[in-house]
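Colleague: Have a look at this one.
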Amino acid sequence: MKTRICLAITVASLPGLAKVHSQSPFIKITEGAIITDREASFMSVWWDYDNDGWLDLYVANQDYSGPQANSLYHNLTNGTFSKVTNATTTVTSDALAAVAADFDNDGDEDLFVCRHNAADDCFRNEGNGAFTRLTQAQFGKPVADGTVSFDAAWVDYDRDGFLDLFVVNGYPVTENDCLYRNNGSGLFIKMTAGQVGPIVNDRATTYASSWADYDNDRYPDAWVERWTGSGFLYHNSGLDAPGFLAPVTEGSIPRENSRAAGQWVDYDNDGWLDLFVTGSSEGRTNSLHRNAGGLAFTDVAASAGLALHRHGHEPHRTHLHRHPRTPPPLGRQRRRHRPRRYGAIRVQPVSVRACAPSNSRRLRIYGPG
């Protein structure tokens, strides 16, 4: 069967674009609003908001010159996209990130948007392309706290069957991150340090998180990255104290100081998730933390050929769909999952092709050819 892969890269005045080497070459798409729109885009999320089996694209826009609306592009199933206007695109406020998930278990993926200069937003998917912007009475504290949010993650941290919400705050100011528990009726309750641990009492300039069950106890653990200083690794206490996230201080990950973001992936197919963290503009190198049976981590980036000086943002892992209309089961949310095994992986440096820098951010899409 054929494999289809779609790749989106948000460019923020970068000096170069990665040139992807693959047995299946990518052809640059040059037409359509998804390409020609000139917006100050920051992050994006692929999601099938209308449940037609094809991934659509939501782009979070942020410009210091003034608030602007975000953009939603509907997949027309023929390699093109149409720009859509609905409740998710009419709010004008600087947005830094968006995450999609079915938090109310109704079969439709909803959307949470992190805003830099206003309260965050949650849009409930009503089906048929319609969304409702939720109020505090409908959704809870996440849309009322007014923190400086930089990232968010849907995660069922206590494994009660309902997706909870973790919001990363604190750049450029020092703020606590927030963990909100879904009470099962769609209302989110703000948790305290006494309930879930110091993950909500860090008072740090954090800006990204990545959740995964790194010790295979079926409870998700968390890696939280900081702009300054070492990041935070939290272990979910699991059956001993479900949902309590204790800080980890041993191993190579707590010493990580890259001012970049990380992603969990089992790169060596040994059944244990490892952590890859990109480098930064300060000359810090990429790091690859190999998981030794869920007990400790060792940075093996040098031996893997990944200890390069690169200014990266968040690395992403994608799902390979055997057929575009039959994606692998994602459960109730579009989140980071343990990858399927496709055989051994070789990690090698990828060359960079220079391109002229631009003051405008433009979304570049590469599709299969």
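Colleague: Considering only residues that are part of a loop (DSSP other than H, G, I, E, B) and crowded, with 23+ Cβ neighbours inside 10 Å, which ones fall in segment 97-108? Steps first, please.
Modeller: In the first step, residues of segment 97-108 are kept if they are part of a loop (DSSP other than H, G, I, E, B); the result is 102-108.
Residue satisfying the conditions is Phe103 alone.
Colleague: Mind checking which strands (runs of 3 or more DSSP E) fall wholly inside segment 55-96 and carry at least 1 residues that are within 20 Å of Asp108 (Cβ to Cβ), aliphatic (A, V, I, L, M) and touching a His at 6+ places or on another chain (Cβ under 9 Å)?
Modeller: Details: elements: 56-61, 71-75, 81-84.
So the answer is 56-61, 81-84.
Colleague: Now a separate question. Among the residues of segment 267-278, how many are in a strand (DSSP E or B) and not hydrophobic (A, V, I, L, M, F, W, C)?
Modeller: Of the residues in segment 267-278, the ones in a strand (DSSP E or B) are 274-277.
Applying the additional criterion that residues be not hydrophobic (A, V, I, L, M, F, W, C) yields 274.
Final tally of qualifying residues: 1.
Colleague: Is there any pair linking a residue in segment 189-201 that is more than 17 Å from Phe162 (Cα to Cα) to one that is hydroxyl-bearing (Ser, Thr, Tyr) and surrounded by 14 or more Cβ atoms within 10 Å (Cβ to Cβ), with Cβ under 9 Å and at least six apart or on different chains, and which?
Modeller: Pairs found: Gly197/Tyr234; Gly197/Ser237; Pro198/Tyr234; Ile199/Tyr234.
Colleague: Could you give every pair whose Cβ atoms fall below 7 Å, whose first residue belongs to segment 43-65 and is in contact (Cβ under 8 Å) with a residue 12 or more places away in the chain and open to solvent by 10 Å² or more (accessible area, probe 1.4 Å), and whose second residue is among the aromatic types (Phe, Trp, Tyr) and not in a loop (DSSP other than H, G, I, E, B), counting only separations of at least 6 or pairs across chains?
Modeller: Filtered contacts from segment 43-65: Ser44/Tyr58; Val45/Tyr58; Leu55/Trp46; Leu55/Trp47; Gln62/Phe42.
Colleague: A further question on this structure: Can you name every residue in segment 193-218 that is of a type in the set (A, V, I, L, M), at pLDDT 90 or above and open to solvent by less than 10 Å² (accessible area, probe 1.4 Å)?
Modeller: If the condition is that a residue be of a type in the set (A, V, I, L, M), at pLDDT 90 or above and open to solvent by less than 10 Å² (accessible area, probe 1.4 Å), then Val196, Ile199 are the ones that fit.
Colleague: Do we find that Ile189 is more than 21 Å from Ala302 (Cβ to Cβ), modelled with pLDDT of 95 or more, open to solvent by less than 30 Å² (accessible area, probe 1.4 Å) and not in a loop (DSSP other than H, G, I, E, B) in this structure? Lay out the reasoning, then the answer.
Modeller: Values: more than 21 Å from Ala302 (Cβ to Cβ): yes; modelled with pLDDT of 95 or more: yes; open to solvent by less than 30 Å² (accessible area, probe 1.4 Å): no; not in a loop (DSSP other than H, G, I, E, B): yes.
The answer is no for Ile189.
Colleague: A further question follows. Quick check: anything in segment 263-272 open to solvent by less than 30 Å² (accessible area, probe 1.4 Å) and either within 30 Å of Ala144 (Cα to Cα) or among the acidic types (Asp, Glu) (or both)? I'd like the intermediate steps shown before the answer.
Modeller: Going through segment 263-272, the residues open to solvent by less than 30 Å² (accessible area, probe 1.4 Å) turn out to be 263-264, 266, 271.
Next, from what is left, pick out any that are either within 30 Å of Ala144 (Cα to Cα) or among the acidic types (Asp, Glu) (or both): 263, 266.
For segment 263-272, residues open to solvent by less than 30 Å² (accessible area, probe 1.4 Å) and either within 30 Å of Ala144 (Cα to Cα) or among the acidic types (Asp, Glu) (or both): present.
Colleague: Restricting segment 219-231 to residues that are in contact with a helix residue (DSSP H, G or I) (Cβ under 7 Å, 6 or more places away or on another chain) and open to solvent by 10 Å² or more (accessible area, probe 1.4 Å), which is nearest to Glu256 (Cα to Cα)?
Modeller: Filtering segment 219-231 for residues that are in contact with a helix residue (DSSP H, G or I) (Cβ under 7 Å, 6 or more places away or on another chain) and open to solvent by 10 Å² or more (accessible area, probe 1.4 Å), the one nearest to Glu256 (Cα to Cα) comes out as Ser230.
Colleague: What is the number of the single condition among (1) at positive phi; (2) modelled with pLDDT of 70 or more that Ser13 does not meet?
Modeller: (2)
The values are calculated or read from the model by the stated rules, or taken from the named source; none is laboratory data. Remember, predicted model here, so these are calculated numbers, not experimental data. Every residue, glycine as well, gets a Cβ built from its backbone with ideal geometry; the counts of neighbours run over all protein chains shown. The accessibility values were calculated without ligands, DNA or RNA, using every heavy atom of the protein model including side chains. Shrake-Rupley method; radii C 1.70, N 1.55, O 1.52, S 1.80 Å.
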